[in-house]
Amino acid sequence: MKVQRAMGSGILFSYPELGTIAGVQGSITYAACSALPLMVFPLLAPIIRRKLPEGFILTMWVCERYGLIPSLYISFLSLVTMFLFMVAELSSLKQVIETLTGLDGLPVIIVEVVVTSIYTALGGFRVSFITDNIQGVLIGFLIIICAIAVGTSVSIDTSKIEPSGLAEPSLLGYQLIYILLIGIVFSNLFLSGFWMRAFASKTDKDLWIGCSIASVCVFVILLLVSSTGFIAAWAGVWTPEQYGGLAFFLLLERLPAWIIGFVVVMVVVLSCAVFDSLQSAMVSTASNDIFRNKLPLIYIRSMVVLVIVPIIVLAVKRPSILQIYLISNIFATAALPSILLGLNNNFYFLNGFDVVCAGFGGMLSVFIFGAAYYGDAHKGAGLMILKTGLYANDWSVFGVFVAAPIGSLIFLTVACIVRLLATWVFCKISGRPFSALDKSFIPPYFQEYRGPGVDGDHKSV
């Protein structure tokens, strides 16, 4: 179910790039940390489905639990995440076309945008499900053919293995276990496409089975893709002076022309499948969360098409695909830890003010950490968008992904205490009863749901 949504043409850049940075260790870590987060959905989706049976995306529950403002806040961050992923997808496609064919990639991405906009407008999200199935089959063909071709046509110079250092464990390799796992877990939760597919499962058991199979497939496929990074280095087709995201395509240049043509066609089809899913998810999020289903879909789709214009402009600038993914991970790790605490009834006293303050506080914590670490406020601000990427051989990037969630929870605690104290003082002055910690005021959406469509004897959270 989620194999298709987890991969687009962007994987052909970001995963090999990490393979050129952190070698074998980094490749295994990135593949595992991309696959394991899919198992979060069988854990969280049933809980949310019990609390809000009619929901189909995370932001609907956020609105019920915390109110309109936090819902708009999370919806905005979700839309920004999808915006970044769309930039990454179109930029990846453009770079693939230009690298493998020498042609201008701009007309290709424009045609893709027009075509996907037309068929998603006509068929809606159901079309996205169909293209996902096609995409899954094509990914399998692409990986099998490329693996066979690389294995038979590319020779590794064993004298380059030890000097490259890519076969040895590194500080960054160990850091990535935490950086990627926590970043991808929270970043995935921002993507409405994942939630729609999770809630579309008939039973919790089906969801567990689907996500388990998807995790295994994703791990194997992404490990093969990321391996092309260090293989390209050992084969002598990539050097440290070059952009690591090109490693996969530098290997392809050694292969027969028909394989290159096959890869180009497959990449275009894969990109369309991912892009139409992002378009559908963006339309759904904007319609349901921003406009509360009060605006006709034709207007929402028109707005999304307008948003795609700056997406194309940014994609043409050829940004680092890996850096785009990491930026979205930072925002997610700052915003979502405090939100998810609301799934536990023991935190019934948290409200929208607390979690919004926590989200902004998480990002502020990243800035504070960066300014303190570098002793420079400007460099601290640059760390919020990882201007140096993952190339920094220090603790800066690791610190970002510690500061974001921990800082978020600290600000959550401070905001909650300040709000409760202010409420207590107000009640004392006005003579009103202080009920902010009264469990009798727990809203109805905290109560567990027992009804059709929910299988199993679920216990209270």
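The values are calculated or read from the model by the stated rules, or taken from the named source; none is laboratory data. For clarity, every value in this text was computed on a predicted model and none was experimentally measured. Backbone-built Cβ (ideal geometry, glycine too); neighbour counts: all protein chains shown. Note: areas computed on protein heavy atoms with side chains; ligands, DNA, RNA excluded. Shrake-Rupley method; radii C 1.70, N 1.55, O 1.52, S 1.80 Å.
Based on the alpha-carbon gyration tensor of the stretch 28-96 and its eigenvalue square roots a ≥ b ≥ c, which shape applies: rounded if a/c is under 1.5, prolate if not and a/b is larger than b/c, or oblate? Because a/c hits 1.5 or more and a/b fails to exceed b/c, the stretch 28-96 counts as oblate. When peptides 343-356, 15-28 are ranked by their average number of other Cβ atoms within 10 Å per residue, the highest-first order is 15-28, 343-356.
R0 = 22 Å: FRET efficiency of Glu54 with Phe76, Cβ-based, nearest 0.05?
Details: r = 23 Å, r/R0 = 1.03.
With a Förster radius of 22 Å, E is 0.45.
Accessible surface of Lys205, taken over heavy atoms with a 1.4 Å probe and every protein chain present, rounds to 140 Å². Among Val265, Val355, Ile221, whose Cα sits farthest toward the positive end of the charge dipole of the chain (+1 at Cβ of Lys/Arg, -1 at Cβ of Asp/Glu, about the Cα centre)? Going by the charge dipole, the pick is Val355.
What do you reckon, how do Asp206, Asp289 stack up by accessible area (1.4 Å probe), largest on top? Please report the intermediate quantities before stating the final value.
Details: Asp206 70, Asp289 0 Å².
Ranked list, largest accessible area first: Asp206, Asp289.
Relative to the Cα centre, the charge distribution of the stretch 266-400, modelled as +1 at Lys and Arg Cβ and -1 at Asp and Glu Cβ, gives a dipole magnitude of about 360 debye. With the simple spin-label model, which puts each label point 7 Å out from Cα in the Cβ direction, the Ala371 to Cys427 separation comes to 3.6 nm.
Taking all protein chains as shown and a probe of 1.4 angstrom, Arg301 keeps an accessible surface of around 50 Å².
Mind pulling the angle between the C-alpha long axis of helix 106-123 and the longest principal axis of the chain? Nearest 10 degrees, somewhere in 0 to 90. With rounding to tens, the tilt is 50 degrees.
Each of the peptides 138-146, 414-422, 192-200 was scored by the mean count of other Cβ atoms within 10 Å over its residues; in descending order, highest first, they stand as 192-200, 138-146, 414-422.
With the simple model of a label 7 Å out from the Cα in the direction of the Cβ, Ile298 to Leu68 spans 2.8 nm.
Which one of Leu44, Pro16, Ile97 is farthest out on the positive end of the charge dipole of the stretch 1-101, using unit charges on Cβ (Lys, Arg +1; Asp, Glu -1) and the Cα centre as origin? Projecting each Cα onto the dipole axis, the largest value belongs to Leu44.
Sum -39500 (n - 2.57) across every DSSP H segment of at least 4 residues in the chain, then divide by the residue count to get the 222 nm mean residue ellipticity, nearest 500. List each step's numbers first, then the result.
Details: 17 runs with 331 residues, N = 461.
Helix-only estimate at 222 nm: -24500 deg cm²/dmol.
Taking the C-alpha atoms only, the angle from helix 68-101 to the longest principal axis of the chain is near 0 degrees.
Model label points for Leu341 and Ala436, set 7 angstrom from Cα along the Cα-to-Cβ axis, are 1.4 nm apart. Note on surface exposure: Trp234, Trp424 rank Trp424, Trp234 by accessible area, highest first, 1.4 Å probe. Restricting the stretch 46-110 to GluC sites (Glu not before Pro) that sit in a DSSP loop and have at most 16 other Cβ atoms within 10 Å of their own Cβ leaves Glu54. Length gained on full extension, Ala167 to Asp206: 10.1 nm, using 0.36 nm per residue less the C-alpha separation.
Are any of the pairs Lys317/Lys387; Lys51/Lys202; Lys294/Lys439; Lys51/Lys428 more than 24 Å apart by Cα-Cα distance, and if so, which? Lys294/Lys439; Lys51/Lys428, as the Cα separations exceed 24 Å there.
Using only the heavy atoms of the protein chains and a 1.4 Å probe, how would Thr203, Thr158, Thr333 rank by accessible area, largest first?
Result, largest first: Thr158, Thr203, Thr333.
I'd like the carbon and sulfur percentage of the solvent accessible area for the chain, probe radius 1.4 Å, heavy atoms only, ligands and nucleic acids excluded. Show your work: numbers first, answer last.
Values: 13680 of 19300 Å².
Ligands and nucleic acids excluded, carbon and sulfur reach 71 percent.
Relative to the Cα centre, the charge distribution of the stretch 151-208, modelled as +1 at Lys and Arg Cβ and -1 at Asp and Glu Cβ, gives a dipole magnitude of about 320 debye. Computed from the C-beta positions of Ser153 and Phe360 and an R0 of 45 Å, the FRET efficiency is 0.30 to the nearest 0.05.
With protein chains left intact and a 1.4 Å probe, residues in the chain average 42 Å² of accessible area per residue. In the set [x] 70, 44, 40; [y] 104, 71, 44; [z] 81, 54, 43, which value of Cα extents along the principal axes in Å was calculated from the structure you see? Answer by label: [z].
Over the stretch 132-199, the alpha carbon radius of gyration divided by the compact-protein estimate 2.2 N^0.38 Å works out to 1.68.
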